[in-house]
Every structure is written in structure tokens, then in C-alpha cells.
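Below is one structure; the comments refer to it alone.
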Amino acid sequence: MVIDWSVTQVYNTIMAVATGVALLLIIRFGKHLRREKIGQLEGWAIGFAVPGFILTITGAHMSLTWPLAQIGFPFDDIIFGEPSLAFGVLLLAAAVLLWRKSNQFISQGVNVKNSMDVSKLLKEELPALLKPMSYFAAAMGLGLIFIAIAGVTYQLFAAPPEEPISGAFADYPWVEAIFISGLYAITGLGALLFPLILKIKPKPSLIAIVKWCWLIAGVLFVVFGAMNYFTHIGLVVNTME
């Protein structure tokens, strides 16, 4: 197998890492907020903005130019590009909200270095602030679930034999299809339930489901994305003209 790498770009490595880190940051943020130890909001805003920026620019480029179509995988431009773009914009929106809330607290005379005071105020205001954009998150979560169904139905995501590690399962496409589809499905389930936990007294069971969905998905996205830095470099080396 020979691929002309001059006509395409493959960067779902950094997309996966950024997605995983962002999911874990959301879980961490919620944990700190619940314990009233949220700390400096500017730090959290930048923390969300970094993966948000990466996912927005890479997702937008992939969604608008379809680079993977040049090497025979046009469906991957939809699967990786559009969810990354959507998640990136949502993260940037969250970053702007947190940054503005920090400035607002300062102007109101709130001691922003007092984690308990900031956490109590955020607990009251954040659900209402996040509720409008949570509906788009839920809609994209439903989209992720259907991507997972498509992945299993058409046995997508199988790596070519030239790719190290993942390529060992090239003759068993259902293995990677189930793994990646499952990853998309649990991420989507968490997003689909997200609006339901933005209540004054959300059900603990729903919070637990969202938490574990995104915790598992976050860890797997980071590990798989990091591993792909080796496997994708190997694929390029093994398929260069």
C-alpha cells in the first residue's frame, strides 16, 4: 500500500488527545465545584480554551476541506471533523463564560481567591448559564451515538496492515469498529444526558452516568490518541512512495 501524503493531512492524533483532556477537565471541574474548591476561574477558562482552540481549528479544517477523502476515507472527515468542531466551539464558549464570571465577581467585590465563595456563587449561576448550549451538546451526543451505530454497521475504523499495533487487527475489522464505536457511544450518552444534570437538584444516578461515561472516554481518548503518534508515524513511514 502506497499513499501520497502530500495531498492530505492526518491530525486526529491531537484531536483525540485534546478531546480526552477536555472530557477529564470537565469531570475535574465538576468535582472541584461540588467540593467548593474551584480555585481561580481564569485558570479553568484557559484550561478549557486550549483544547477548545485545537479542536475548533482542526475540526473546522477537516469538516470544510475533507483531507481524508484524498486517501480513501471520506467518511472519517465527518466522523472526526464535525464532532471535534462542535466540541471545540462548546469548550471555547465555556471558557468565555468562566472568564466573564471571574471578571464579574471581581467587579462585585467577591474575593476570587476564596474558593468556597466562588464555588457557592457558581453553583447557583452556572446551570442557568450552561443550559442553552447544553441542548446543542445533547444533539451532538445523539449524533455520536449514530456515528457509533454506523461504525459497527459498516465496520469502520479498521487500520490498514501497514499501521503498527492497530494494523495487527486489519483482518478483524470488527475489533476496532467495536472499540471506537463504543468510545463514541459512551461519549455521546454523557452529552445526551448533560442537560438533565443542570438542575438545582439533579438525580445523583444521572450525574454518576455522565461522570463515568466521560471519565472512561477521556482516559481512552488520551491513551489512544497518544499511542497514535507512534502508529500514525509508522503508517506514514510504511506507506511513503
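Taking the stretch 26-40, which residues are surrounded by 18 or more Cβ atoms within 10 Å (Cβ to Cβ), at pLDDT 90 or above and either of a type outside the set (A, V, I, L, M, F, W, C) or more than 13 Å from Ala217 (Cβ to Cβ) (or both)?
Within the stretch 26-40, just Phe29 meets the criteria.
What number goes with the only condition from (1) assigned to a helix (DSSP H, G or I); (2) more than 19 Å from the chain's Cα centre (by Cα); (3) not β-branched (Val, Ile, Thr) that Lys201 does not pass?
So Lys201 meets the others, but not (1).
So if I check each of Val175, Val219, Val210, which one is crowded, with 18+ Cβ neighbours inside 10 Å and of a type in the set (Val, Ile, Thr)?
Val210
Met240 is checked against (1) closer than 21 Å to Phe75 by Cα; (2) surrounded by fewer than 16 Cβ atoms within 10 Å (Cβ to Cβ) and fails just one. What number does that condition carry?
Failed condition: (1).
Could you check the stretch 198-241 and list, in sequence order, the residues that are among the aliphatic types (A, V, I, L, M) and either within 13 Å of Ile26 (Cα to Cα) or in contact with a Ser or Thr (Cβ under 7 Å, 6 or more places away or on another chain) (or both)?
Matches in the stretch 198-241: Leu198, Ile207, Val210, Leu215, Ile216, Ala217, Val219.
Could you please find all residues in the stretch 1-35 being under 19 Å from Gln70 (Cα atoms) and of a type in the set (Gly, Ala, Ser)?
Ser6
Collect the residues in the stretch 123-172 that are buried (at least 19 other Cβ atoms within 10 Å of the Cβ) and of a type in the set (D, E, K, R), keeping them in residue-number order.
Answer for the stretch 123-172, where residues must be buried (at least 19 other Cβ atoms within 10 Å of the Cβ) and of a type in the set (D, E, K, R): just Glu163.
The values are calculated or read from the model by the stated rules, or taken from the named source; none is laboratory data. What you are looking at is a predicted structure, and each value in this text was computed from that prediction instead of being measured. For neighbour counting, all protein chains shown are included, and Cβ atoms are generated from backbone atoms with ideal geometry for every residue, glycine included.
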